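Please read the structure below before turning to the comments.
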Amino acid sequence: MTAYLDYNATAPVRAQVAQAMSEALALGGNASSVHSRGRDARRVVEEAREKVAALLGARPAEVIFTGSGAEANNLALRGVSADHVAVSAVEHDSVLQAAPTAKRLGVDADGRLNLGELESFLSKTDGTAHVSVMAANNETGVLQPIAEVAALVREHYALLHVDAVQAAGKIDISRNAIDADLMTVSAHKLGGPQGVGALIIRDGMDLKPLVKGGGQERSRRAGTENVAGIAGFGVAAELALNELDQTDRITALRDTLETEIKTIAPDARMLGASAPRLVNTACLIMPGVSAESQIMSLDLAGVMVSAGSACSSGKVTTSHVLSAMGLSIEEGNTAIRVSLGWASTEADVDAFLNAWGDLYQRTRKQELEASAA
């Protein structure tokens, strides 16, 4: 059997999502056309917009569909005029590269934002700043103090963008929980299709489009809508909203995994474990064994995990997130991420523990033999 434990990279598509996409593909119309097939396609898009808005506690008119979460992050950073921009040092590369000159705000050893640095930045830029802070880190699962961030941003009349790609469907990211001007979500983290994301834009905000040449998405994002992808997104968002209070099963799986890892390897480290985290994510270090070696060994055993972000063209590279948390390059290069989701089972966790434990024992035996030689 195989064990897929890389949900933070992408979640398997749900059957209901695939069905909705198949039905949308069968329509065959352009959502901008005025004939009956076009109107049918438009209805599918707008119904999905309502479902995504419901997950976020937003109005449907505030939801702009994009081609990905990365595109939505770029639109949020590059489409807003601001004299001063600040981002946390542990943001996704799509935020960091969209705002390369932004001030990078430090984090503590768990990867949580230094609120003092944020307040200092805002105090010098009242009314002219744009701040981008993720809700949950994609590598460690650590939650940022978004309520406190939002309160500081409001106090200083600044704008707030929240990258909620990893948090959506795992914690409450509605307006009641997160007071943001802009928010990014992505379908494929929810069990929806790859290639479709959304940016939630507070009503009345001025936003310059990155993609021009059409009036789609209220002239915020030109291009014929991906009707089938959007239909799947809507269903995934609806399912995620309905399951928000059903996290006990995933929590138990993650806790079992971490408890057993400490039994197998007392010298293993769980990164961010002392901070609030997503219940599905474990970022762990096997001392002395590279992440690349761990991933390859686990893959040969039929277990699929990753090292940090899965957005680096398949490369295992040093993590800027772990570096910002104070880990050395050597330590960071031994960290892997295990992420669970809607279809994860006890058998998946057992398969991981067996494969990881076997690798740990082999490497320790080799170390003992080498020291005795």
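The values are calculated or read from the model by the stated rules, or taken from the named source; none is laboratory data. A quick note: this is a predicted structure, and the numbers were derived from the prediction, not measured. Cβ: placed from backbone, ideal geometry, glycine included. Neighbour counts: every protein chain shown. With ligands, DNA and RNA removed, areas are computed over all heavy atoms of the protein, side chains included. Shrake-Rupley method; radii C 1.70, N 1.55, O 1.52, S 1.80 Å.
At-a-glance table
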quantity	calculated
Odd one out for THR66, checked against (1) surrounded by fewer than 22 Cβ atoms within 10 Å (Cβ to Cβ); (2) modelled with pLDDT of 95 or more	(1)
Near pairs, Cβ below 7 angstrom, 6+ apart or cross-chain, from the range 155-170 (of a type in the set (Gly, Ala, Ser)) to any residue that is in a strand (DSSP E or B)	ALA158/ALA129; ALA158/HIS130; ALA158/VAL131; ALA164/MET183; ALA164/THR184; ALA164/VAL185; ALA167/ALA136; ALA168/VAL185
Pick from the range 109-156, criterion more than 14 Å from the chain's Cα centre (by Cα) and of a type in the set (Val, Ile, Thr), ranking: farthest from ASP181 (Cα to Cα)	THR125
Single residue of the range 124-171 satisfying the filter (under 26 Å from ALA335 (Cα atoms) and acidic (Asp, Glu)) that is surrounded by the most Cβ atoms within 10 Å (Cβ to Cβ)	ASP163
Qualifying position, being modelled with pLDDT of 90 or more and more than 18 Å from the chain's Cα centre (by Cα), among ALA347, ALA370	ALA347
Number of the exception - GLU119 against (1) of a type in the set (Asp, Glu); (2) in a loop (DSSP other than H, G, I, E, B); (3) in contact with a helix residue (DSSP H, G or I) (Cβ under 8 Å, 6 or more places away or on another chain)	(2)
Candidate set: the range 6-39, residues that are hydroxyl-bearing (Ser, Thr, Tyr) and within 26 Å of LEU239 (Cβ to Cβ); chosen: the one most open to solvent (accessible area, probe 1.4 Å)	SER22
ALA282 open to solvent by less than 30 Å² (accessible area, probe 1.4 Å), modelled with pLDDT under 95 and closer than 29 Å to GLY106 by Cβ	no
Any pair with Cβ under 8 angstrom, 6 or more apart, that starts in the range 97-112 at a residue that is closer than 11 Å to GLN144 by Cβ and in a loop (DSSP other than H, G, I, E, B) and ends at one that is small (Gly, Ala, Ser) and open to solvent by less than 30 Å² (accessible area, probe 1.4 Å)	ASP110/GLY272; ASP110/ALA275; GLY111/GLY272; GLY111/ALA275; ARG112/ALA275
Among residues of the range 327-349, those that are among the charged types (D, E, K, R), surrounded by 15 or more Cβ atoms within 10 Å (Cβ to Cβ) and closer than 26 Å to LYS170 by Cα, counted	2
Inter-residue pairs, beta-carbon under 6 Å, first over 22 Å from LYS170 (Cβ atoms) and without any contact (Cβ under 8 Å) to a residue 24 or more places away in the chain and in the range 55-69, second open to solvent by 10 Å² or more (accessible area, probe 1.4 Å) and not in a loop (DSSP other than H, G, I, E, B), 6+ apart	PRO60/GLU50
Residue, most open to solvent (accessible area, probe 1.4 Å), within the range 252-277, restricted to residues that are closer than 16 Å to MET325 by Cβ and part of a loop (DSSP other than H, G, I, E, B)	SER274
Enumeration of residues in the range 234-251 that are in a helix (DSSP H, G or I) and out of contact with any helix residue (DSSP H, G or I) (no Cβ under 9 Å at 6 or more places or on another chain)	ASN242, ASP248, ARG249, ILE250, THR251
Members of the range 234-268 found to be among the charged types (D, E, K, R) and either more than 30 Å from GLN16 (Cβ to Cβ) or in contact with a Phe, Trp or Tyr (Cβ under 6 Å, 6 or more places away or on another chain) (or both), listed by number	GLU258, GLU260, LYS262, ASP267
For LYS212: the one exception among (1) in contact (Cβ under 8 Å) with a residue 24 or more places away in the chain; (2) part of a loop (DSSP other than H, G, I, E, B)	(1)
Answer from THR184, THR259, THR263, THR247 - the residue that is polar (S, T, N, Q) and at pLDDT below 95	THR247
